[in-house]
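Undergrad: The structure that follows is given in the form of structure tokens.
The values are calculated or read from the model by the stated rules, or taken from the named source; none is laboratory data. The shown structure was predicted, so the numbers you read here are calculated from the model rather than taken from an experiment. So basically every Cβ, Gly included, is an ideal-geometry build from the backbone, and we count neighbours across all protein chains shown.
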Amino acid sequence: METCERMEVLLSGFVDGELEPDEREQVQRHLEQCHPCALRTISLFQLRNETAHVQFRDPPLEEWDEHAKGLFEETTRTFGWFFYVVAALFFLILIGCWTWRSFWQNEWGWLYAIETVALLAGTACLLAAVLRRRILAQKTERYRDIIR
Ligand SMILES: [Zn+2]
């Protein structure tokens with residue numbers, strides 16, 4: 001007699017009519033002798049019949065439009081932030097180089113140096129604050145695994 005564990009693997013294929021003839025025969029022989037597996041097979045047939053008649057509604061056209069708008073906004077926002085961050089980093093590097101030259105060549109160079117250090121420190125503080133908030137929000141977001 002085949003084991004119930006082996007039948008567990010074959011039963012859904014049996015219900016869907018996807019088994020080879022020899023496997024189908026094994027399952028039928030087992031079901032004639034095993035009451036729990038026979039009951040399980042009956043419930044699988046019932047489940048298959050019930051789900052076969054389930055119909056999904058097509059979303060209305062307005063929903064597709066909203067979805068497309070959402071995708072467009074998300075994509076443009078992502079690219080916008082990417083270009084902004086790259087440009088800001090290059091800008092800060094340029095200012096740093098310019099300040100470094102001015103510091104040694106210009107009598108007011110120390111003013112540029114203070115300004116650049118303040119700008120870099122301010123940017124770093126703001127970036128750290130935003131990153132910290134994003135990380136905290138991600139950890140405590142209750143609905144992050146829900147797909148809409
Ligand atoms: Zn069994």
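Undergrad: I'm checking my understanding of the structure. Among residues of segment 1-44 that are surrounded by 12 or more Cβ atoms within 10 Å (Cβ to Cβ) and outside any helix (DSSP H, G or I), which one is farthest from the ligand (Cβ to nearest atom)?
TA: Leu19
Undergrad: I would also like to ask the following. What pairs come up if the first residue lies in segment 83-102 and is among the hydroxyl-bearing types (Ser, Thr, Tyr), the second is surrounded by 10 or more Cβ atoms within 10 Å (Cβ to Cβ), and their beta carbons are under 7 Å apart, counting only those six or more places apart or on different chains?
TA: Qualifying pairs under 7 Å: Thr99/Tyr112; Thr99/Ala113; Thr99/Thr116; Ser102/Gly109; Ser102/Tyr112.
Undergrad: Away from the ligand (no atom under 16 Å from the Cβ), of a type in the set (Lys, Arg) and either in a helix (DSSP H, G or I) or surrounded by 12 or more Cβ atoms within 10 Å (Cβ to Cβ) (or both): does that describe Arg48?
TA: Yes; evaluated as a whole, the condition is true for this residue.
Undergrad: Here are some conditions: (1) more than 30 Å from Asp16 (Cβ to Cβ); (2) at pLDDT 85 or above; (3) out of contact with any helix residue (DSSP H, G or I) (no Cβ under 7 Å at 6 or more places or on another chain). Leu39 meets all but one. Which one does it not meet?
TA: (1)
Undergrad: Scan Leu94, Leu120 and give me the residue that is more than 30 Å from Met7 (Cβ to Cβ), assigned to a helix (DSSP H, G or I), touching a Gly at 6+ places or on another chain (Cβ under 9 Å) and among the aliphatic types (A, V, I, L, M).
TA: Leu120
Undergrad: Further, regarding this structure: If you take the residues in segment 69-93 that are of a type in the set (Gly, Ala, Ser) and under 18 Å from Leu131 (Cα atoms), which one is modelled with the highest pLDDT?
TA: Going through the qualifying residues, I end up with Gly80.
Undergrad: OK, next. Please enumerate the residues belonging to segment 98-113 that are loosely packed, with under 11 Cβ neighbours inside 10 Å and either touching a Cys at 6+ places or on another chain (Cβ under 9 Å) or part of a helix (DSSP H, G or I) (or both).
TA: Those that are loosely packed, with under 11 Cβ neighbours inside 10 Å and either touching a Cys at 6+ places or on another chain (Cβ under 9 Å) or part of a helix (DSSP H, G or I) (or both): Trp104, Gln105.
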